[in-house]
Amino acid sequence: MTAVQIVKVERGKLAVDPTGLETVTQGLQSANVNTISIVSLAGNYRTGKSFMLNLMTRYLNFHDGVPLTKSNEWTNQQDGTKTTEGFVWRPGHERHTTGIWMSAVPFVRVVNNMRVGLLLMDTQGLWDGESTLPLVSSIFGLSSVLSSLQIYNLLRTLDMDKVDQLKWFSNFGSQVLQNSNDKSAAPFQSLHF
């Protein structure tokens with residue numbers, strides 16, 4: 001599984017990447033799914049979001065009809081390297097992921113006799129010192145609207161600063177919905193942190 005960029009940052013604003021979006025669309029059509037579910041990971045920059053998504057990718061790949069002989073076999077690297085497939089990541093203090101990335105091919109599961117295509121989504125880290133508040137809000141808001149489940153990744157503890165950030169994002173999501181035709185929708189389908 002590889003990940004493709006579906007939204008990029010150009011001159012401080014978000015722009016759809018038509019090539020990446022087309023790749024995801026083709027993957028969904030090829031998988032012949034009835035519905036899709038998108039799991040996204042958002043949070044501060046350099047907190048391991050891409051790395052965690054790679055672990056999820058490995059788990060989903062190894063549990064995709066492949067019998068396991070050991071319960072932790074999916075965590076073992078095949079070639080002894082530290083990197084995994086899927087979402088690109090690197091150690092260090094500089095931001096790496098920009099915009100929004102998504103798995104190019106869905107993980108297909110049958111739920112209630114329906115073929116569900118599960119897509120994983122990675123977002124640019126928030127509060128990286130280079131991004132403006134409107135850009136950070138747009139990334140979080142867009143990923144929230146697209147996601148069936150959003151995980152807000154926190155490093156260590158939940159402090160008042162993070163609660164204030166979540167309140168800001170929640171207000172942003174509510175404002176987006178006020179401008180939409182669906183007045184009964186909630187700002188988040190499912191948010192976990």
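The values are calculated or read from the model by the stated rules, or taken from the named source; none is laboratory data. Since we're looking at a predicted model, the values are computed, not measured. For neighbour counting, all protein chains shown are included, and Cβ atoms are generated from backbone atoms with ideal geometry for every residue, glycine included. SASA here: full protein model, heavy atoms, side chains in, ligands and nucleic acids out. Shrake-Rupley method; radii C 1.70, N 1.55, O 1.52, S 1.80 Å.
Quick check on this structure: which one of V145, V136 is in contact with a helix residue (DSSP H, G or I) (Cβ under 8 Å, 6 or more places away or on another chain), under 21 Å from V7 (Cα atoms), modelled with pLDDT of 70 or more and not polar (S, T, N, Q)?
Within the list V145, V136, the selection yields V145.
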Checklist outcome for this item: Considering the stretch 1-40, residues that are assigned to a loop (DSSP other than H, G, I, E, B) and in contact with a Gly (Cβ under 7 Å, 6 or more places away or on another chain), and then whichever is farthest from V110 (Cα to Cα), we arrive at T2
Item to check | Filter pass, P91 being modelled with pLDDT under 80, more than 14 Å from the chain's Cα centre (by Cα) and either within 15 Å of D122 (Cα to Cα) or of a type outside the set (D, E) (or both) | outcome: yes
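Within the stretch 41-50, can one find any residue that is hydrophobic (A, V, I, L, M, F, W, C), touching a residue at least 12 places away in the same chain (Cβ under 8 Å), open to solvent by less than 30 Å² (accessible area, probe 1.4 Å) and under 18 Å from P106 (Cβ atoms)? Before you say what the answer is, go through the steps one by one.
Filtering the stretch 41-50 for residues hydrophobic (A, V, I, L, M, F, W, C) gives 41-42.
Among the residues that remain, those that are also touching a residue at least 12 places away in the same chain (Cβ under 8 Å) are: 41-42.
Filter again for open to solvent by less than 30 Å² (accessible area, probe 1.4 Å), leaving 41-42.
With under 18 Å from P106 (Cβ atoms) added as a condition, the list becomes 41.
Looking for residues that are hydrophobic (A, V, I, L, M, F, W, C), touching a residue at least 12 places away in the same chain (Cβ under 8 Å), open to solvent by less than 30 Å² (accessible area, probe 1.4 Å) and under 18 Å from P106 (Cβ atoms), one finds at least one in the stretch 41-50, hence yes.
Residue by residue, here is whether (1) closer than 19 Å to F140 by Cβ; (2) at pLDDT below 70; (3) among the charged types (D, E, K, R); (4) part of a loop (DSSP other than H, G, I, E, B) holds:
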| site | (1), (2), (3), (4) |
| --- | --- |
| T47 | yes, no, no, yes |
| F51 | no, no, no, no |
| L55 | no, no, no, no |
| S71 | no, yes, no, yes |
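Might you let me know whether the stretch 76-84 holds any residue that is surrounded by 11 or more Cβ atoms within 10 Å (Cβ to Cβ) and either acidic (D, E) or modelled with pLDDT under 85 (or both)? I'd like the intermediate steps shown before the answer.
If we filter the stretch 76-84 for residues that are surrounded by 11 or more Cβ atoms within 10 Å (Cβ to Cβ), which is where we start, we get 83-84.
Filter once more, so that each one left must be either acidic (D, E) or modelled with pLDDT under 85 (or both): 83-84.
Yes, that holds for at least one residue.
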